[in-house]
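The values are calculated or read from the model by the stated rules, or taken from the named source; none is laboratory data. This structure is a prediction, so every number in the text was calculated from the model and none was measured. Backbone-built Cβ (ideal geometry, glycine too); neighbour counts: all protein chains shown.
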Amino acid sequence: MRIETISQLKDLRKTNLERMNKHPRTVLICCGPGCLANGAKKISDEFHKVIKDKKIKGFSVEALKETGCHGFCEQGPLVIIEPDGVFYTKVKVRDVEEIIETSIKKKEIVERLLYTNAADGKTYTDYKEIPFYKLQNRIALRNIGKIRQCDIDEYIAIGGYEAMAKALSKMKPQEVIDEVIASGLRGRGGGGFPTGRKWATCAKIDDEPRYVICNGDEGDPGAFMDRAIMEGDPHSVIEGMIIAAWAVGSHNGYIYVREEYPLAVVNLQKAIEQAQALGLLGENILGTGFDFDIHVSRGGGAFVCGESSALMLSVAGEVGEPRAKYIRSVQKGLFDKPTVLNNVESYANVPVIIAKGGKWFSSIGTAKSTGTKAFSLVGKVRNTGLIEVPMGTTLKQIIYDIGGGVIKDRPFKAVQTGGPSGGCLPEEKLDLSVDFDTLTQAGSMMGSGGMIVMDDRTCVVDVAKYFLQFLIDESCGKCVPCREGLYQLHALAVAVSEGRATEEDLDKMEKLSENIVIGSLCGLGKSGPNPFLSTIRYFRDEYLAHIRDKRCPAGVCRALITYKIDPEICNGCMACISACAHEAITGKKKEPHFINQDKCDKCGACYAVCQHNAIEVV
Amino acid sequence: MVSLTINGRVVQAEEGEMLLAVIRRMGIDIPALCHHEAVEPFGACRLCTVEITKESWNGWKNYVTSCLYPVEQDLIVHTHSAKVIELRKTLIDLLLARCPGSPEIREMAAQYGVNETSYEPVVNGDNCILCGLCTRICSRLGFNAISTVGRGHTKEVAPPMKEAPPDCVGCLSCALNCPTHVIKFTDVNGKRTIWGKTFELLTCKECGATTITREFAEALSERRGIPMEYFEKCDACHRKELSLTMGAVVGWAREEQS
């Protein structure tokens, strides 16, 4: 059925809402990437099977919903019983029967599956009360984990496409732009350029056709915010894009999504087809006379294709290499035509801004960074997962209040924000407010929103080495400073980690970094030395320990460490002997063991298995 | 016309012109390895980077590749500021680490006072500096026989699948424009070999000298409408014929007959 008018959209919303509310209780099964990897699909299948077999009064398989990422990945697979928000964690297939018997047939709770907060030992029933969720404010992620993923009926039922209808019928393009400018929304891909200003510039350029592109090439290691949106709530992105197209006068849009997100590709494609079938994409949308359609363009997995000019070349079918942007892409972008390119999360914010107004949006967050920001909280933090917090929340609040602190209460060392091109911030920076300008000032950056927590067992030289290696592999290889400079910077970092470097080498690294920054063609190269620059800024002592004392304080750099067994503590359990792949450990049962340093590969397997803390790293 | 200041001198330039062209016209020598008039500017070698600023920028400076930066009214350009020289030196040093065997790079490095690289020589480095001139010229000619393969530090120039390229016509444009002369070819016994593909060279029916490959002649004939007969003679014999024709016109031919 095609929706021809706005009143038809309203009618459809009413019908869909009635259908959605038909069931007094619904079961939400999180099918985000984390939960899927832990068997969420099997759990969902089991729910479907058992519900079909049991024939419960007032409940059918229609009340089972596979949702996008609910956020609390650490506790997955998650099952939530609405409307009470009963939150079951680490659910297994064998728990399904019990959940149905207890929480669906009766109104009781399976206590053992509830979440217990490690910090205070408190057990929670309703997820909205859990600190992890309570401190969040979800705008971009508003629907994910609440509605069936990639379901246009539910999206419309909860008010989806109404903002689009409002923009197309009641607002002139300039009014839409003004609203977005008033909201203060800045690019969520990391650059932080004011979205409204970008649209305004594009709209003014006297050239046709214009294009609207969505950047879904999320490539930072450990980042999965955009993935969650594209998989779980693709319609919010599509709606945001239609509004953008209306504002700048475009009739063709592209969503560039990386091939490594197969479900995102499928769901976006499906969502576009659903929207086309209802006439929300295509010609004469809602009878307003506005035409707009979206195509999915799949990327081959190059990190650099997340850079706007490389992305546009890749969409056009050419090699994805950045070009100099002395002429901006809003002027000459895709196919050399005016192009607006925004990140997935930016588009997901747009419908809310249009619905509730720019003023409302700008009241959240800080003066210069308005609204909220989604982060993927990963690394050595207790509550890994997907979060969204108002701008201006401090790193401490994110890591300790939402994240629950460092795993095993080990000392906190650093938090890496902004992906490979971002930087590491030490403990004394934990009170910094998370917004575009503060993070950049501190030598890191907002980036797309990856946040990696590190404990005292993380070596900053090793971290710099890791990210530099990533950037060497992902550099497009076009310009010399990035291709050759990062390679040499990495070589020097390796020398530091192996105790071969001198203090002059550190100066050389800083000089080289400076030249890479000013000399590189695109943002990847310009921010490429950041893993080194931010770690040397805050952890120079640790670099010096590697150089002067030939010592790795965190006990990570293999060339500089030795594993030793304390014969006083070792009780001869032989666990380390069987763990050692190099047969480097000898000893009899119930007698202290000994590591043969000539054979030891320093893999740390013995250290990991020893239950008695008898093995030390020196 | 726009007017701008380069190294303290006020100069005029056409709107849309790139800085490098203006700088070179002034006789200022700045290096550029990936630049060629025949193809679009690329900005890969970064050697032509210059420092730019404007009165209105309140002291803020930017570093841009002059090959790609269009001239702007009131722009103030420095082609040899301390920072620019430092950058160029670093770039050449890095290139030298990649291709220590290239005489061209060594010579350029020496000009900037770099005799040996201060970095670790790249393992398996060859003399290719990945300037992309070969692939861009090939593409500009419409053949697209070679391209860059892979990315990052292991990127290389190669034909598809690293096999003899089906679209190559053996025109040598890649090899002859390579700034470090990495692309090898041979012309032996009327045969040309390049990129692992062997071509028959046409011979001049007048003097017997070898000319261009049959494939290149056919491509030119097809795309530019030049008749195939034209390629039966070499350039020298074409010139000879032309001079004879010209002679005939002015009447010298008759004298020759008598």
(message) Restricting to region B:178-216, name every residue that is farther than 28 Å from B:L130 by Cα, in contact with a Gly (Cβ under 9 Å, 6 or more places away or on another chain) and of a type in the set (V, I, T).
(response) B:T203, B:T210
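Of all residues in region B:75-103, count the ones that are small (G, A, S) and at the interface with chain A (Cβ under 10 Å from one of its Cβ atoms).
Here is the first cut: in region B:75-103, the ones small (G, A, S) are B:81-82, B:97, B:101-102.
Next, only the ones that are at the interface with chain A (Cβ under 10 Å from one of its Cβ atoms) stay: B:97.
The total comes to 1.
Every residue, every condition in (1) buried (at least 17 other Cβ atoms within 10 Å of the Cβ); (2) of a type in the set (A, V, I, L, M, F, W, C), yes or no:
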position: A:A501; (1), (2): yes, yes
position: A:E504; (1), (2): no, no
position: A:M509; (1), (2): yes, yes
position: A:S513; (1), (2): yes, no
position: A:G519; (1), (2): yes, no
position: A:G525; (1), (2): yes, no
position: A:N530; (1), (2): yes, no
position: A:T535; (1), (2): yes, no
position: A:F539; (1), (2): yes, yes
(request) Please find, within region B:154-174, the residue that is nearest to A:E484 (Cα to Cα) out of those that are within 14 Å of another protein chain (Cβ to nearest Cβ) and in contact (Cβ under 8 Å) with a residue 24 or more places away in the chain. (result) B:K155
(request) Scan region A:421-451 for residues that are buried (at least 24 other Cβ atoms within 10 Å of the Cβ) and either assigned by TED's automatic domain parsing to the domain that holds A:A348 or at positive phi (or both) and report the count. (result) 2
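For B:E15, are the conditions met, namely being charged (D, E, K, R) and either more than 13 Å from every other protein chain (Cβ to nearest Cβ) or surrounded by fewer than 16 Cβ atoms within 10 Å (Cβ to Cβ) (or both)? Before you say what the answer is, go through the steps one by one.
Numbers: charged (D, E, K, R): yes; either more than 13 Å from every other protein chain (Cβ to nearest Cβ) or surrounded by fewer than 16 Cβ atoms within 10 Å (Cβ to Cβ) (or both): yes.
Considered against the rule, which asks whether it is charged (D, E, K, R) and either more than 13 Å from every other protein chain (Cβ to nearest Cβ) or surrounded by fewer than 16 Cβ atoms within 10 Å (Cβ to Cβ) (or both), B:E15 comes out as yes.
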(request) Go through region B:128-152 and give me each residue that's free of Cβ contacts under 8 Å to residues at least 60 places away in the same chain, assigned to a loop (DSSP other than H, G, I, E, B), surrounded by 17 or more Cβ atoms within 10 Å (Cβ to Cβ) and within 14 Å of chain A (Cβ to nearest Cβ). (result) B:C128, B:I146, B:R151
(message) If I filter region B:180-191 for residues that are at pLDDT 95 or above, part of a helix (DSSP H, G or I) and hydroxyl-bearing (S, T, Y), do I get at least one hit?
(response) no
(message) As an exercise: evaluate A:E510 against (1) part of a loop (DSSP other than H, G, I, E, B); (2) within 13 Å of chain B (Cβ to nearest Cβ) and give the number of the one condition it does not meet.
(response) (1)
(request) Give the number of residues within region B:49-101 that are part of a strand (DSSP E or B) and either of a type in the set (G, A, S) or in contact with a Cys (Cβ under 6 Å, 6 or more places away or on another chain) (or both). (result) 1
(request) For region A:476-507, name all the residues that are β-branched (V, I, T) and either farther than 15 Å from B:S118 by Cβ or facing another protein chain (nearest Cβ under 10 Å) (or both). (result) A:V480, A:V494, A:V496
(message) If I ask for residues that are surrounded by fewer than 18 Cβ atoms within 10 Å (Cβ to Cβ) and among the small types (G, A, S), which ones from region B:105-124 would you list?
(response) B:A110, B:G113, B:S118
(request) For region A:328-335, indicate whether the set of residues that are at pLDDT 95 or above, touching a Cys at 6+ places or on another chain (Cβ under 9 Å) and of a type in the set (S, T, N, Q) is non-empty. (result) no
(request) Determine whether B:V2 is surrounded by fewer than 21 Cβ atoms within 10 Å (Cβ to Cβ), away from chain A (no Cβ under 14 Å) and within 18 Å of A:I327 (Cβ to Cβ). (result) yes
(message) Criterion first (in a helix (DSSP H, G or I), under 24 Å from A:R558 (Cβ atoms) and of a type outside the set (A, V, I, L, M, F, W, C)) does A:D437 satisfy it?
(response) no
(request) Can you tell me which residue within region A:157-190, out of those that are part of a helix (DSSP H, G or I) and touching an Asp or Glu at 6+ places or on another chain (Cβ under 7 Å), is surrounded by the most Cβ atoms within 10 Å (Cβ to Cβ)? (result) A:M164
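Residue-wise test of (1) over 14 Å from the mean Cα position of the chain (by Cα); (2) hydrophobic (A, V, I, L, M, F, W, C); (3) closer than 18 Å to A:G333 by Cα; (4) assigned to a helix (DSSP H, G or I).
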position: A:R197; (1), (2), (3), (4): yes, no, yes, yes
position: A:A200; (1), (2), (3), (4): yes, yes, yes, yes
position: A:D207; (1), (2), (3), (4): yes, no, yes, no
position: A:G222; (1), (2), (3), (4): no, no, no, no
position: A:A244; (1), (2), (3), (4): yes, yes, yes, yes
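Could you pull out the residue among A:V340, A:V352 that is at pLDDT 95 or above, part of a strand (DSSP E or B) and over 27 Å from B:V149 (Cα atoms)?
Matching residue, one of A:V340, A:V352: A:V340.
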(message) Just to be sure I understand, how many residues within region A:541-557 are without any contact (Cβ under 8 Å) to a residue 60 or more places away in the chain and crowded, with 16+ Cβ neighbours inside 10 Å?
(response) 3
(request) Give region B:62-74 a look and list any residue that's buried (at least 21 other Cβ atoms within 10 Å of the Cβ) and either in contact (Cβ under 8 Å) with a residue 60 or more places away in the chain or more than 12 Å from every other protein chain (Cβ to nearest Cβ) (or both), or say none. (result) B:V71
(request) Residue by residue through region A:513-545, note down the ones that are in contact with a Gly (Cβ under 6 Å, 6 or more places away or on another chain) and assigned to a helix (DSSP H, G or I). (result) A:I516, A:N530, A:S534, A:R537
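Pick out the one residue from B:N115, B:N124 that is without any contact (Cβ under 8 Å) to a residue 24 or more places away in the chain, closer than 30 Å to B:D167 by Cα, more than 12 Å from chain A (Cβ to nearest Cβ) and more than 22 Å from the chain's Cα centre (by Cα). Walk me through how you get there before you give the answer.
Numbers: B:N115 fails: closer than 30 Å to B:D167 by Cα.
Of the residues listed, the single one that is without any contact (Cβ under 8 Å) to a residue 24 or more places away in the chain, closer than 30 Å to B:D167 by Cα, more than 12 Å from chain A (Cβ to nearest Cβ) and more than 22 Å from the chain's Cα centre (by Cα) is B:N124.
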(message) Restricting to region B:23-50, count the residues that are surrounded by 21 or more Cβ atoms within 10 Å (Cβ to Cβ), more than 16 Å from B:L133 (Cα to Cα) and more than 9 Å from every other protein chain (Cβ to nearest Cβ).
(response) 2
(request) Scan region A:1-45 for residues that are in contact with a strand residue (DSSP E or B) (Cβ under 8 Å, 6 or more places away or on another chain) and at positive phi and report the count. (result) 0
(request) Taking A:A271 as meeting all but one of (1) surrounded by 24 or more Cβ atoms within 10 Å (Cβ to Cβ); (2) closer than 30 Å to A:G222 by Cβ; (3) touching a Leu at 6+ places or on another chain (Cβ under 9 Å), write down the number of the exception. (result) (3)
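Being more than 18 Å from the chain's Cα centre (by Cα) and modelled with pLDDT of 95 or more narrows it down to one residue among B:L4, B:L20; which is it? Spell out the reasoning first.
Numbers: B:L20 fails: more than 18 Å from the chain's Cα centre (by Cα).
Testing whether each residue is more than 18 Å from the chain's Cα centre (by Cα) and modelled with pLDDT of 95 or more leaves just B:L4.
Looking for something charged (D, E, K, R), touching a Gly at 6+ places or on another chain (Cβ under 8 Å) and over 25 Å from A:E231 (Cβ atoms) - is there at least one such residue anywhere in region A:167-190?
Filtering region A:167-190 down to residues charged (D, E, K, R) leaves A:170, A:172, A:175, A:178-179, A:186, A:188.
Next cut, touching a Gly at 6+ places or on another chain (Cβ under 8 Å) only: A:178-179, A:186, A:188.
After this cut, where a residue has to be over 25 Å from A:E231 (Cβ atoms) as well, the list is A:178-179.
Yes.
Within the group A:G300, A:G320, which residue is buried (at least 23 other Cβ atoms within 10 Å of the Cβ), within 16 Å of A:E218 (Cα to Cα) and within 14 Å of another protein chain (Cβ to nearest Cβ)? Steps first, answer last, please.
Numbers: A:G300 fails: buried (at least 23 other Cβ atoms within 10 Å of the Cβ).
The match here is A:G320.
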